[in-house]
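A quick write-up on the structure given underneath.
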Amino acid sequence: MSADGPLTADGPLAGAHLAATSGALRLHIPAPHARPGEVADFGYLAIPPAGSAPRPDPTCPAGETAPLTTGLVRVLDDEGRAVGPWDPGLDDDTLRLGLRAMMLTRAYDERMFRAQRQGKTSFYMKCTGEEAVAVGQAFALDRGDMLFPTYRQQGLLIARDWPIVDMMCQVFSNTRDRLKGRQMPVFYSSREAGFFSISGNLGTQFSQAVGWAMASAYKGDSRIAAAWIGEGATAEADFHYALTFASVYRAPVILNVVNNQWAISCFQGIAGGEQATFAARSAGFGIAGLRVDGNDFLAVYAATAWARARALANLGPTLIELFTYRAAAHSTSDDPSRYRPADEAAHWPLGDPVARLAAHLTARGAWSGERQAQLEAELAEEVRLAGVEAEGYGTLQGGPRASASTMFDDVFKEMPWHLRRQRQQLGV
Amino acid sequence: MSRMNMVQAINAALDVTMSGDPDVLVFGEDVGYFGGVFRCTDGLQRKFGPRRCFDTPIAEGGIVAIAVGMGAYGLRPVVEIQFADYIYPATDQLISEAARLRYRTGAEFTAPITVRAPYGGGIFGGQTHSQSPEAIFAHVAGLKTVIPSNPYDAKGLLISAIEDDDPVVFLEPKRLYNGPFSGHHDQPIEPWSKRPESEVPDGRYAIPLGKAAIVRPGAAATVLAYGTMVHVALAAAAESGVDAEVIDLRTLIPFDLETIAASVEKTGRCVIAHEATRTCGYGAELSAAVQEACFYSLEAPIERVTGWDTPYPHIFEWDYFPGPARVAAALRRVMEG
């Protein structure tokens, strides 16, 4: 296994040059640094100190961001201090709201994960360890900005104060599910929340977001679009469509790659992360790129605000790689102990986003362990009460059910004769 | 009223809808400055400006994805896929996204987009410029599939497609762009100007989706066709001596079962013609639907005349193409049945 990462000066490509002289060809199959039973070790990652990345003006030429696509924008240091030019200077109240939204997201995940294990829903996906991505970005965006998420940005809805009862009703596919039981659990959609429908065909939203952003620009609107994609799905054509069209038409869109290291069982090297960073792909499209400590609420906020300012200046898209770690399983159908060391999350060098923001607030004198424990208890109770209410509207196990006749609605705006006939045949 | 070929009629439909609604945008490969490789968008960029009608990168999946995003915003994009043969990279966006967006969001988001694409053979396009992929889209819940067969219908149907709030795949029989085509490839090309269907009203008019047209009334047998094959069927009716009723489906989904069934119940015989490959082709669905609706009226087995189950072969184009002789033979067979 290679000890070199994409961030080291003499990365794997340097070795490839030497090997090329040996004659026989050799197929390279990337492999992660550790598998089950091996010692988790992220020592190969070069983590620059917080505060070391320069912050160019958001209106800079795209090329000036090139060094930022291989480094890492970090604000929070190991002592919980906010340092360097990317410190967004948020006040205590905003930070506490951010912390609360991240903690609520985590509490919500815990509750819904248990609900799946209890058979109340067929499926669930947690975002544990990645809360700063969705919450930090939602805080930096305007409420009118349109979000094109993946299934792991439930924090966007929570940060927008969307009722968690409504989210639970979708997960339970019950009578209050605004998607009428047609979508798998966690595939939320809410026009009112500016949250676009989640697709299981990964990556499709990335290019759609560019179309939305082009429409907004065409109409002279002031809202931008933001899209998310996992590092694994960047291999899909939609990623390249999105970057190409966004670059060509300078669409006001923020294109976020959430690099959480794992695409189900495949480490990020299988998606191309061994050779270059995902943020570095921006260079080939001539667009701005930033690589950000995704577990650093302040860095995530600052990078997103920077990209938003750039989009509003009609300078087009920014590709942001949010460097983070998927601490939980891919989904309730997944068992990560089959493909990575069981304790790998504990070794992640960028820590936990909730703990880091709490430490920062504490360092500012605006938070304490006592308040943290109190908030945790409050949120657990809030989620519990929401769960009781949502379960009252039905779960997978039982309770009131909508009529199956509704499954023929909304295929088309007006129901054509063949669907009317099929509905009659079903006898509902 | 103006005399138009099909290209001009399509252009007129785009012009009319763009004039009436600033949210109608037209884009695709070569459609902007150049006006499209078949000239369907000629002059639109000059008239409406490059923000209304523009060129795109060569990325069909991207083109449709952009349209879906614009549709979700509230625009009404009309995109051109240069050849229907190139549409496959866009099928994920069409099938998984556009077709299901209304459904999966409880109608909170919709994709009121129109995807135009020239399809079909007859121009020596080989296997990458001749295909008829309509059955793929007709099979998808949530997509409407429309195919005109003449200039008058092309304009009226395209206006309906653009104004429709659901995604529409609008396939244009490219062999008919400049004139009707009976399938007799060795005969001189006839221009549209000699045909009454080339008289196209100025301004807006709509032909409702889901309504077939009886283009030749007849009593002996029913021929179901669309696009180029409508003209082949008309030639076959004339040449076979069979008094066939030729129905132009115009919309494949939702299709006009009422008109079809009324005709087959009257004639008792049915020939289905399409250029696409036979197995699992759209004709299979039509055949099943006719059988279900008209079983007791049928006097003979339903016949299908289609392209062969091969890729569209360049030099054997006329061996592949289901021309009037094959349709006429099928008509005679159903009459013997």
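FYI, it's all coordinate maths here, none of it is from the lab. Keep in mind it's a predicted model, so treat the numbers as computed, not measured. FYI the Cβ positions are ideal-geometry reconstructions off the backbone, even for glycines, and counts take in every protein chain you see.
Ranking of B:E275, B:E285, A:E130 by neighbouring Cβ atoms within 10 Å, starting from the fewest: B:E285, A:E130, B:E275. To the nearest ten degrees, helix B:282-294 and the longest principal axis of the Cα atoms of chain B are 60 degrees apart.
Using the Cβ-Cβ distance between A:Q374 and A:Y339 with R0 set to 25 Å, the FRET efficiency from 1/(1 + (r/R0)^6) comes to roughly 0.05. Per residue of peptide A:189-196, the mean number of Cβ atoms on other chains within 10 Å of the residue Cβ is 3. Packing, taken as the mean count of other beta carbons within 10 Å per residue, orders the peptides A:290-301, A:220-231, B:304-315 from highest to lowest as A:290-301, A:220-231, B:304-315.
Remark: spin-label model distance B:M1-B:A107 equals 4.0 nm, labels positioned 7 Å along the Cα→Cβ axis.
Extension gain for the segment B:R216 to B:D165, taken as residue separation times 0.36 nm less the Cα-Cα distance, is 15.2 nm to one decimal.
Subtract the Cα-Cα distance of A:Q275 and A:D78 from 0.36 nm times their separation in residues, and report this length gain in nm to one decimal. Don't jump to the answer; show the numbers that get you there.
Numbers: separation 197, 0.36 × 197 = 70.92 nm, distance 2.84 nm.
Result: 68.1 nm gained on full extension.
So for chain A, averaging the separation of alpha carbon pairs under 8 Å that are six or more residues apart and normalising by length, what relative contact order in percent results? Mind dumping the intermediate values first?
Numbers: 832 pairs, mean separation 98.1, N = 428.
23 percent.
Evaluating 6.51 cos²θ - 1.76 cosθ + 1.60 at θ = phi - 60° for every residue in the stretch B:100-114, the Karplus couplings come out as 10, 4, 4, 5, 6, 10, x, 6, 6, 10, 9, 10, x, 10, 10 Hz, glycine and proline recorded as x.
For the stretch A:112-117, backbone phi angles converted through the Karplus equation (6.51, -1.76, 1.60; θ = phi - 60°) give residue-by-residue couplings of 6, 4, 5, 4, 5, 5 Hz, Gly and Pro being listed as x. For the stretch A:379-385, take each phi angle, set θ = phi - 60°, evaluate the Karplus expression 6.51 cos²θ - 1.76 cosθ + 1.60, and give the result in whole Hz per residue in order, putting x for glycine and proline. Here the 3J(HN,Hα) series is 5, 4, 5, 4, 5, 4, 5 Hz. Take each residue of peptide B:86-97, count the partner chain Cβ atoms within 10 Å of its Cβ, and average: the result is 3. Ellipticity at 222 nm from helices only: DSSP H runs of n ≥ 4 in the protein assembly as shown, each -39500 (n - 2.57), divided by the residue count, give -10500 deg cm²/dmol.
Counting every other Cβ atom within 10 Å of each residue's Cβ, B:M335, A:M146 order from fewest to most as B:M335, A:M146.
Residues whose amide H lies under 5 Å from that of B:R216, counting only those 5 or more places away or on a different chain, are B:V246; hydrogens are built 1.01 Å from N in the peptide plane.
The modelled label-to-label distance for the pair A:F42/B:T279, using points 7 Å beyond Cα in the direction of Cβ, is 5.3 nm. Counting, for every residue in A:233-244, the Cβ atoms of other protein chains within 10 Å of its Cβ and taking the mean gives 4.
Summary of the geometry: the stretch B:128-155 and the stretch A:52-110, compared by the centres of their Cα atoms, lie 50 Å apart. Between the beta carbons of B:E292 and A:L312, assuming R0 = 51 Å, the FRET efficiency works out to 0.30 to the nearest 0.05. Centre-to-centre separation between the Cα atoms of the stretch B:199-230 and those of the stretch A:281-321: 53 Å.
Hey, with R₀ at 45 Å, roughly what FRET efficiency would B:A238 and A:T406 work out to, going by the Cβ-Cβ distance, to 0.05?
Numbers: r = 50 Å, r/R0 = 1.11.
Once rounded, the FRET efficiency stands at 0.35.
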